[in-house]
Amino acid sequence: MLYKYLTENYRENEPIFVSDINLEVSSANLRRMFKVLCDTGKIKRFDTGIYYIPKKGVLKNGVPLAADEVAIAKYIEKNGKIDGYYSGYTFANQLGISTQVPFVEEIVTNNASTRVRKVKVRNKKILLRKSRMPINNENYIVLQLLDLLKDLEQYYDVEFTVVCERLAKYVRDEKIEQKEIDKYIGNFPEKIYKNIYETRLYNAFA
């Protein structure tokens, strides 16, 4: 019963959180069912309460589940629902305004119990920050940009003209509108207005 449920609801190498399973069985029975499936090799255990259906590959035990996938599902996006976003040096590096590859990834998420804390997903180190406001599918792109802009001077290490170009391209590519910025900017420090002015981003907003 459990394996049928898993194969119908999860792809290969997609994190399966026991807490998300919706079956009419006791938690003790559910744990036993997961153990049986692990013992028979039908699923693999990633960590406590986290499993996956192994993807077939050249390796005997299949392709292992990546820590990145678990981190994304746990803190950023799961089943199409956005709960967080990359921030700080991590996002700056993704945008190409920082050449530093951060040793600790930074994530802002709804799923943080404290304002700031460090966690590990296997060997991956993550700095979690609690969001200033609820993150959802409609606002995460704008909040991610504003989060970067509030401390922009900390993150970039390329020419400022390049920073302006990359930020403007991001705004245009994501079709961020001025009214969206106005809706959320009041939740951030006032210095963010200065950074928007200096980068001339107001020219890029739709």
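Here the 3J(HN,Hα) profile of segment 63-69, calculated from phi with Karplus coefficients 6.51, -1.76 and 1.60 at θ = phi - 60°, is 7, x, 6, 7, 4, 4, 5 Hz, Gly and Pro shown as x. Probing with 1.4 Å while keeping every protein chain in the model, the per residue accessible area of the chain equals 58 Å². Put the Cα centre of segment 65-95 next to the Cα centre of segment 116-181 and the gap is 12 Å. Summing +1 for each Lys or Arg and -1 for each Asp or Glu among the other residues whose beta-carbon sits under 14 angstrom from that of N93 gives -2.
Taken along the Cα-to-beta-carbon direction at a fixed 7 Å, the label points for K179 and E24 span 4.7 nm. Of the solvent-accessible surface of segment 1-136, computed with a 1.4 Å probe and all protein chains present, 50% belongs to carbon and sulfur.
The values are calculated or read from the model by the stated rules, or taken from the named source; none is laboratory data. The structure presented is a predicted model; accordingly, all values stated were derived computationally and were not measured. Neighbour counts are summed over all protein chains in view; Cβ atoms, including those assigned to glycine, are modelled from backbone coordinates with ideal geometry. With ligands, DNA and RNA removed, areas are computed over all heavy atoms of the protein, side chains included. Shrake-Rupley method; radii C 1.70, N 1.55, O 1.52, S 1.80 Å.
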